[in-house]
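Read through the structure below, which is laid out as C-alpha cells, and then see the notes.
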Amino acid sequence: MRTLILFATDEGQTEKIAVRISERLAEQGFASDRHNIAVDPETPIALDAYDAVIVGSPIHYSHYDARLADYLKQFRDVLHEMPSAFFSVSLGILSDAETEREEVRKITDAYLSETDWNPLLKIHFAGALSYSRYNWLKRKLMQIIARKAGSPTDTRFDYEFTNWVQVDQFVDQFVEFVNRCKQSDELYQQRTIYSTPTRRYSVAHLRAQAEESA
Ligand SMILES: Cc1cc2nc3c(=O)[nH]c(=O)nc-3n(C[C@H](O)[C@H](O)[C@H](O)COP(=O)(O)O)c2cc1C
C-alpha cells in the first residue's frame, strides 16, 4: 500500500505533521511520498499511482489553502473512489470557546463541500505559534490574537501545540480503514474483464454497504 501525503504549509507545522505521518506509516510497513504544494504547485501528480491519499492544510485568515483546493477539484473522480483522509491544522481548535472550535469545523465543511470531496476520515490537529517565522506585522497580529485566546504572547519563543499521540492514532486509524478498503483477490483479478473495480483499495464497496444498510 502506497500513500500520497499532499499538503500545504506556510510556517512549517503542517509539514512537520506530514513527516510524522509518513514515519508512522513506515513503522507499520507502508510506503508514502510527501508533496508540498506550497513549494511545488506546478508539478503534475500521478494520484492514480497511489493506493490512498492523506491531504493536510493549515488555516490562515479563516481559509484553507486554495492551491490544494484546485488539486482536489481536479482529482475529484479518483478521490471519490480511493481511501482518503483530511487533516486540518489550526489554532482555533484549541480554543476554550466552543464558538471558535465550531468556526473551525464550519470552515472545514465549507472547504470540503467546495471541493466536492468527502474523505472518510477527517481530523483536527492543533498547530503552532511560530513567532520566529513571522514578519514584524504578522508577529504583532498573532500576539494580539494569542492574547485574546489566552495563548502565549512572549514572541522570543515558538510554541507547539500539536498532540503527537493524536497524530499517531490518526495514522493507525487510517491504516485500519485502508485495510478494510482492500478489494478481495477475486474482485481485483476481474479488473481486466470489467471496467470497475480497477483499484486494489477502493471505498466503492464501503459506500455501497453504507447505502444498503441505510
Ligand atoms: C497569519 C496567520 C493567520 C492565521 N489564521 C488562523 C485562523 O483564521 N484560524 C485558526 O484557527 N488559526 C489560524 N492561524 C494559526 C495557524 O493555523 C497555525 O499557526 C498553524 O500551525 C499554521 O500551519 P503551518 O505552520 O503549516 O503554516 C493563523 C496563523 C497565522 C500565522
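The values are calculated or read from the model by the stated rules, or taken from the named source; none is laboratory data. Predicted model only: the values in this text are computed from it and were never measured. When we count neighbours, we look across all protein chains shown, and the Cβ atoms used for this are built from the backbone with ideal geometry, even at glycine.
Using beta carbons and a limit of 6 Å, which pairs, at least six apart or on different chains, have the first residue in segment 72-97 and over 17 Å from Ile45 (Cβ atoms) and the second one more than 11 Å from the ligand (Cβ to nearest atom) and outside any loop (DSSP other than H, G, I, E, B)?
Within 6 Å, the pairs are Phe87/Ile123.
Which count do you get for residues in segment 155-193 that are more than 26 Å from the chain's Cα centre (by Cα) and within 16 Å of the ligand (Cβ to nearest atom)?
The qualifying residues number 2.
Look through Glu176, Glu186 and report the one residue that is farther than 25 Å from Leu4 by Cα and not in a loop (DSSP other than H, G, I, E, B).
Glu186
Output the residues belonging to segment 81-107 that are surrounded by 20 or more Cβ atoms within 10 Å (Cβ to Cβ) and within 30 Å of Asp48 (Cβ to Cβ).
Answer for segment 81-107, where residues must be surrounded by 20 or more Cβ atoms within 10 Å (Cβ to Cβ) and within 30 Å of Asp48 (Cβ to Cβ): Met82, Pro83, Ser84, Ala85, Phe86, Phe87, Ser88, Val89.
Can you pull out the residues in segment 133-161 that are in contact with a Phe, Trp or Tyr (Cβ under 9 Å, 6 or more places away or on another chain), small (Gly, Ala, Ser) and part of a helix (DSSP H, G or I)?
Once the filter is applied, which keeps residues that are in contact with a Phe, Trp or Tyr (Cβ under 9 Å, 6 or more places away or on another chain), small (Gly, Ala, Ser) and part of a helix (DSSP H, G or I), segment 133-161 yields only Ala146.
Could you list all residues from segment 106-130 that are without any contact (Cβ under 8 Å) to a residue 40 or more places away in the chain, in contact with a strand residue (DSSP E or B) (Cβ under 8 Å, 6 or more places away or on another chain) and either within 13 Å of the ligand (Cβ to nearest atom) or over 19 Å from Arg20 (Cβ atoms) (or both)? Spell out the reasoning first.
Restricting attention to segment 106-130, the residues satisfying the condition of being without any contact (Cβ under 8 Å) to a residue 40 or more places away in the chain are 106, 109-110, 112-113, 118, 122, 124, 126, 129.
Next cut, in contact with a strand residue (DSSP E or B) (Cβ under 8 Å, 6 or more places away or on another chain) only: 112, 122, 124, 126, 129.
Answer for segment 106-130, where residues must be without any contact (Cβ under 8 Å) to a residue 40 or more places away in the chain, in contact with a strand residue (DSSP E or B) (Cβ under 8 Å, 6 or more places away or on another chain) and either within 13 Å of the ligand (Cβ to nearest atom) or over 19 Å from Arg20 (Cβ atoms) (or both): Leu112, His124, Ala126, Leu129.
Restricting segment 93-129 to residues that are part of a loop (DSSP other than H, G, I, E, B) and at pLDDT below 95, which is nearest to Glu15 (Cα to Cα)? Give the derivation first.
Keep residues of segment 93-129 that are part of a loop (DSSP other than H, G, I, E, B), which gives 95-97, 116-120, 127.
Add one more test, that the residue is at pLDDT below 95, and what stays is 95-97, 116-120.
On the way: Ser95: 22, Asp96: 26, Ala97: 27, Asp116: 24, Trp117: 22, Asn118: 23, Pro119: 20, Leu120: 22 Å.
Out of the qualifying residues, it is Pro119.
Give me the strands (runs of 3 or more DSSP E) completely within segment 1-87, filtered to those with at least 1 residues that are within 14 Å of the ligand (Cβ to nearest atom) and closer than 21 Å to Arg105 by Cα, ordered by residue number.
By residue number, 2-7, 52-58.
Scanning for something surrounded by 13 or more Cβ atoms within 10 Å (Cβ to Cβ) and in contact (Cβ under 8 Å) with a residue 60 or more places away in the chain, does segment 135-150 turn up at least one residue?
There is no residue in segment 135-150 that is surrounded by 13 or more Cβ atoms within 10 Å (Cβ to Cβ) and in contact (Cβ under 8 Å) with a residue 60 or more places away in the chain.
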